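To start, the structure under review is shown below, and the notes come after it.
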Amino acid sequence: MAAATAPGPRALGEEGGGSTAASALSMEQIQSLTDLADLEAAYSRLCEEEKVVQEELDTLLEQQSTIENKMVALHRMGPNLQLIEGDAQQLAGMITFTCNLAENVSSKVRQLDLAKNRLYQAIQRADDILDLKFCMDGVQTALRNEDYEQAAAHIHRYLSLDKSVIELSRQGKEGGIIDANLKLLQEAEQRLKTIVTEKFDAAMKQGDLPQVERFFKIFPLLGLHEEGLSKFSEYLCKQVANKAEENLQLVMGTDLSDRRAAVIFADTLTLLFEGIARVVETHQPIVETYYGPGRLYTLIKHLQVECDQQVEKVVDKFIKERDYHRQFQQVQNSMMRSSSAEKIEPRELDPILTEVTLMNARSELYLRFIKRRIISDFEVGDSMASEEVKQEHQIYLDKLLNNCLLSRTMQELIGYYITMEEYFMRETVNKAVAMDSYEKGQLTSSMVDDVFYIVKKCIGRALSSSSIDCLCAMINHSTTELESDFREVLYNKLKQGFPATTFQDFQRGVTSAVNIMHSSLQQGKFDTKGIESTDEAKQSFLVTLNNVEVCSENIMTLKKTLESDCSKLLSQGFGGEQAQAKIDSCLADMAAVSNKFRDLLQEGLNELNSTAIKPQVKPWINLFLSVSHNIEEEEFSDYEANDPWVQQFIVNLEQQMTEFKAGLSPVIYDTLTGLMTSLIAIELEKVLLKSTFSRLGGLQFDKELRSLIAYLTTVTTWTIRDKFARLSQMATILNLERVTEILDYWGPNSGPLTWRLTPAEVRQVLALRIDFRSEDIKRLRL
Amino acid sequence: MHLVPPVSRDRIISQFPKWYTPEACLQFKEHFHAQVRTACQWSTGTLGLKISKVVVVGDLYVGKTSLINRFCKDNFDRDYKATIGVDFEIERFEIIGVPYNLQIWDTAGQEKFKCIASAYYRGAEVIITVFDLADIRTLDHTKQWLEDALKENEPDSSFVFLVGTKKDLVSDAVCERTELDAIRFANEMQAEYWSVSAKTGENVKQFFSRVAALAFEQSVIKELENSAGHMAQIGTGNLIKLEKNVMEIPEGNTQISLGCC
């Protein structure tokens, strides 16, 4: 098509060129031409056009032969095409034929297949019927021979036959016979069931373990899994009960002097749990082999009922023998009434508390054992089961563990235990406080060690119960005890304050001493109690400060120890999902109390600083005012020989601090010297601003300050440069030659020096120099 | 450092949740304290992760555990299962951009577990006393429960809530009548009152959001007070002021630029 149309326009154009002069020039145009030049131009153009047309014609003519060749070839191909069409039709016919053939064949194969399947089914049914007959005969003989395993195997075979097959067989020609056979089989099944049950019961009664196990294995063959398990566990329960009864009798007969007498009930429980665990251990393989996995839960559920009953007996005996409830009542009464008249002695509670925690620990251990066993058994049994079944089993397990009487009984015991343990802790702590004693040369008094020993013991005991709730409850009680009661004791001691001494007090002391002497002279005896008690009060204050610090540290240590203890407990699989979070929360509370003790220490130190250090240090510093710093060369050298102030000040400080250094722990002493250093810096600044200085006076002060800083550096571990920064800068200013010299150090010239003084303060200090003119100072641009 | 998954959408609180009834309510504010807002805006990260302890008390079978389970796990179990000792849940919130945890201690209502449960009352920022709207006797007991819980805490250190549960079980008329009594109780106990249903979930989320917001604000204010006192001891007053100015300027700027957009 494209080849046909393409030359179209050109052919038309040429045609037009011939008849209507469609070339560049029309006929009329040529005729209207008059000018020669125009004519010539038209002519030449026409010639050109002719030439082009000629060329085109040539090329077309050239193509003619090839086109003709092609046409010939096409003509030759015509008959071939007809041949192909015929062949194609033939092929189509063949394919249709083949297709039909194939379909025919395959339908036959399908029929064959069906026939084969039916044949198989027929054979199977024939087999089944044969089996049925065989089973029937077998059962009869086996029963006659008392070969119950064989009989059960036959019944098992019968039970596993397809019920519909049997049904169908009965409708056949031989229906009558089969029916009779079936009836016989069913009868045999029933008979076997009763026989096995009877035999099992008989064996159980006689305690004949091999026979019990023999029939236990037959039950699942008869499809009586549940019954078998329950019967078997009945047997096991009986054994457990017998053993437990024996143990309990033994307990009642134990001598009080026996080594384990104090924990005999915990031991009895242990024996009971161990017995059950052993039963589970030994019989689990049989159950798993003959009943399949996932059945252990049923067995343990039955056993747990017996376990609960035995535990109840033991706990009842425990409560009765140990007077548990009455003791609890007494404790409660003692806690309500503060009267000390009929308070129960905490030491008496000690053994019973230990026993209860031990009992609980054993129970937890046992429950954990059961849990692990059931979980792993379910895991095997439920490996193919759906998520829902797994969840259902998990719920069964949780219910068994949480709702069993054992759990509930133990929780009740632990509930009472916590109250009693709290009482034990509180009373014993009170005792430790009351019996507090201090030995010379020691920093702390006995009560801190005692109290923490008690708290550790109580929490440790709660921890040994393996119950996370119980442990957390005791941690909370301990925190409360330390935070309110014990801290109160220390707080009250600190509140009595540090008795002031020397100077103002020295005078008071002297007058009182005089008074005392006066009175004692009159009474004829000399009493130094007044002075001694002051010393004691001082000592007590310092010891209490040390106590507070040690408490704060001990709490943190206790927290860390508990953390590692708890992680050990949790890694063993005790405690629920939230156990870690519970413990973390309680321990965080405990750690917070450590900070409260730190705050108390700070308070006490501030008190010491303001009552003991400030009243003494202040007058010593005020002496600075009486030393003139408006001095000339002569006085300066005189000062050099006879130090007017700073040496004595340092000696005084040294004397004062030795008392504290001996009586306080290094950490507290450090803090105290820190406080004192700040105090000195502040007070010295005050007196400095009240003095006047000459050039040499400034130098003198610089010297004094240097020796003071040098001394203080030796007594403190922290750098004190920072605290004396302002004073050092003041000394620098007082040492200037001229007022304007300050500009060498100020502003852009300050270099590494950071000024701690404001411009106003710089002027104020400059004004202390009597030789500096106030106009110069005012003129200063700072 | 381990990554914590982001707080779920419905635990993000940006507006102060409203009270249930104005007749028994702890605070009438509808917005967070301005000071708290700025503190949260400018010092995210410097404010440590805050945790508040919530203790839930009340008679047995009033639905303490159900209330908590509805909120924390969004489920409701028809079967009654007595709580043994204490249960414990941590619920994560994000309040005006700051992560915040509520630690909910669910105590046992049974008398025999009181010994163990009462050990957990200490240090509670929030005490929730629960009663059963369908059993008026349980309301009478709330005062005793509260008293026990307050004994273990410093006075005026905790928020108290009174919550009536099982709203779905009573008719509207009965509910209204009981609420009148409950509001009287709440006022005597200085508590905020809420009626909820764990079964239908009515008001449960709102209630806990309110608890979280109040406790959160309180703890931020406390921390600000503490740090202010602390700073004064160490540095000079000027230093803090300077920081404050720096803080306020960008705040103004952002507001302006927001307006422009």
Q.
Give me the residue from the stretch A:272-328 that is polar (S, T, N, Q) and closer than 21 Å to residue A:393 by Cα and, out of that set, farthest from the chain's Cα centre (by Cα).
A. A:289
Q: Show the residue pairs that are 6+ apart or on different chains and have beta-carbon atoms under 8 Å apart, the first residue being within the stretch B:150-175 and surrounded by 12 or more Cβ atoms within 10 Å (Cβ to Cβ), the second being in a helix (DSSP H, G or I) and β-branched (Val, Ile, Thr).
A: B:152/A:480; B:159/B:211; B:161/B:211; B:162/B:142; B:164/B:178; B:170/B:178
Q | Within the stretch A:742-761, tally of residues that are within 58 Å of the chain's Cα centre (by Cα) and outside any loop (DSSP other than H, G, I, E, B) | A | 6
Q) Taking the stretch A:590-646 as the search range and keeping residues that are assigned by the TED database to the domain that holds residue A:456 and among the basic types (Lys, Arg), which one is farthest from residue A:675 (Cα to Cα)? A) A:596
**Q.** Counted residues, the stretch B:79-97 - those being part of a loop (DSSP other than H, G, I, E, B) and either within 14 Å of chain A (Cβ to nearest Cβ) or under 17 Å from residue B:129 (Cα atoms) (or both)
**A.** 7
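If you go through the stretch A:284-323 one residue at a time, how many are farther than 18 Å from residue A:362 by Cα, crowded, with 16+ Cβ neighbours inside 10 Å and of a type in the set (Val, Ile, Thr)?
Taking the stretch A:284-323 and keeping what is farther than 18 Å from residue A:362 by Cα, we get A:284-299, A:301-302, A:320-323.
From what's left, crowded, with 16+ Cβ neighbours inside 10 Å: A:284, A:287-288, A:290-291, A:293-299, A:301-302, A:322.
Next cut, of a type in the set (Val, Ile, Thr) only: A:287, A:298.
Adding up the residues that qualify gives 2.
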**Q.** helices (runs of 4 or more DSSP H) lying entirely in the stretch A:219-326 (those with 3 or more residues that are closer than 26 Å to residue A:414 by Cα and of a type in the set (Ser, Thr, Tyr))
**A.** none
(Q) Would you confirm whether or not the stretch A:371-378 contains a residue that is within 11 Å of chain B (Cβ to nearest Cβ), under 26 Å from residue A:312 (Cα atoms) and without any contact (Cβ under 8 Å) to a residue 60 or more places away in the chain? (A) no
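For residue A:703, indicate whether it is surrounded by fewer than 15 Cβ atoms within 10 Å (Cβ to Cβ) and at pLDDT 90 or above.
Details: surrounded by fewer than 15 Cβ atoms within 10 Å (Cβ to Cβ): no; at pLDDT 90 or above: yes.
No; evaluated as a whole, the condition is false for this residue.
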(Q) Just to verify a result, which residue in the stretch B:139-157, among those that are among the polar types (S, T, N, Q) and within 14 Å of chain A (Cβ to nearest Cβ), is farthest from the chain's Cα centre (by Cα)? (A) B:153
**Q.** residue A:441 being of a type in the set (Gly, Ala, Ser), modelled with pLDDT of 90 or more and either out of contact with any strand residue (DSSP E or B) (no Cβ under 9 Å at 6 or more places or on another chain) or surrounded by 18 or more Cβ atoms within 10 Å (Cβ to Cβ) (or both)
**A.** no
Q: Would you check which residues across the stretch A:354-363 are surrounded by fewer than 22 Cβ atoms within 10 Å (Cβ to Cβ) and more than 20 Å from residue A:419 (Cα to Cα) and list them?
A: none
Q) Can you tell me which residues in the stretch A:652-673 are touching a residue at least 60 places away in the same chain (Cβ under 8 Å) and polar (S, T, N, Q)? A) A:665, A:671
Q) What tally of residues in the stretch B:51-85 results from selecting those that are surrounded by fewer than 24 Cβ atoms within 10 Å (Cβ to Cβ) and among the hydrophobic types (A, V, I, L, M, F, W, C)? A) 7
Q. Residue check: is residue B:153 of a type outside the set (Ser, Thr, Tyr) and either touching a Phe, Trp or Tyr at 6+ places or on another chain (Cβ under 6 Å) or under 30 Å from residue A:417 (Cβ atoms) (or both)?
A. yes
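To keep it simple, each residue is scored yes or no on (1) aliphatic (A, V, I, L, M); (2) at pLDDT 85 or above.
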site	(1), (2)
B:5	no, no
B:9	no, no
B:32	no, yes
B:49	yes, no
B:55	yes, yes
B:59	no, yes
B:65	no, yes
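Looking only at the stretch A:630-649, count how many residues are within 30 Å of residue A:537 (Cβ to Cβ) and crowded, with 18+ Cβ neighbours inside 10 Å.
Of the stretch A:630-649, the ones within 30 Å of residue A:537 (Cβ to Cβ) are A:648-649.
Next, only the ones that are crowded, with 18+ Cβ neighbours inside 10 Å stay: A:649.
Counting residues in the stretch A:630-649 that are within 30 Å of residue A:537 (Cβ to Cβ) and crowded, with 18+ Cβ neighbours inside 10 Å gives 1.
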**Q.** Count of residues meeting criterion [part of a loop (DSSP other than H, G, I, E, B) and in contact (Cβ under 8 Å) with a residue 12 or more places away in the chain] in the stretch A:685-720
**A.** 9
Q | Exclusive hit being free of Cβ contacts under 8 Å to residues at least 60 places away in the same chain and of a type in the set (Val, Ile, Thr), set A:627, A:646 | A | A:627
(Q) Please go through the stretch A:382-395 and give me each residue that is surrounded by 15 or more Cβ atoms within 10 Å (Cβ to Cβ) and within 14 Å of chain B (Cβ to nearest Cβ), ordered by number. (A) none
Q | Looking only at the stretch A:407-429, and only at residues there that are surrounded by fewer than 21 Cβ atoms within 10 Å (Cβ to Cβ) and free of Cβ contacts under 8 Å to residues at least 12 places away in the same chain, the one that is nearest to the other protein chains (Cβ to nearest Cβ) | A | A:412
Q | Failed item in (1) more than 14 Å from every other protein chain (Cβ to nearest Cβ); (2) part of a helix (DSSP H, G or I), with residue A:587 passing the rest | A | (1)
Q.
I'm checking my understanding of the structure. Among residues of the stretch A:748-782 that are loosely packed, with under 15 Cβ neighbours inside 10 Å and β-branched (Val, Ile, Thr), which one is farthest from residue A:628 (Cα to Cα)?
A. A:754
Q. Out of the stretch B:110-138, which residues are in contact with a Leu (Cβ under 7 Å, 6 or more places away or on another chain) and either within 12 Å of chain A (Cβ to nearest Cβ) or not hydrophobic (A, V, I, L, M, F, W, C) (or both)?
A. B:110, B:129
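What strands (runs of 3 or more DSSP E), lying completely within the stretch B:103-198, carry at least 1 residues that are of a type in the set (Ser, Thr, Tyr) and in contact with a Cys (Cβ under 8 Å, 6 or more places away or on another chain)?
On the way: elements: B:126-132, B:159-165, B:192-195.
It comes to B:192-195.
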Q | Residues of the stretch A:547-579 satisfying the condition of being within 10 Å of chain B (Cβ to nearest Cβ) and either buried (at least 19 other Cβ atoms within 10 Å of the Cβ) or touching a helix residue (DSSP H, G or I) at 6+ places or on another chain (Cβ under 8 Å) (or both) | A | A:576, A:579
Q. Is the stretch A:347-364 home to any residue that is of a type in the set (Lys, Arg) and away from chain B (no Cβ under 14 Å)?
A. yes
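The values are calculated or read from the model by the stated rules, or taken from the named source; none is laboratory data. Computed from a predicted model, the values in this text were never measured in an experiment. Cβ coordinates were reconstructed from backbone atoms using ideal geometry, including for glycine residues, and neighbour counts include every protein chain displayed.
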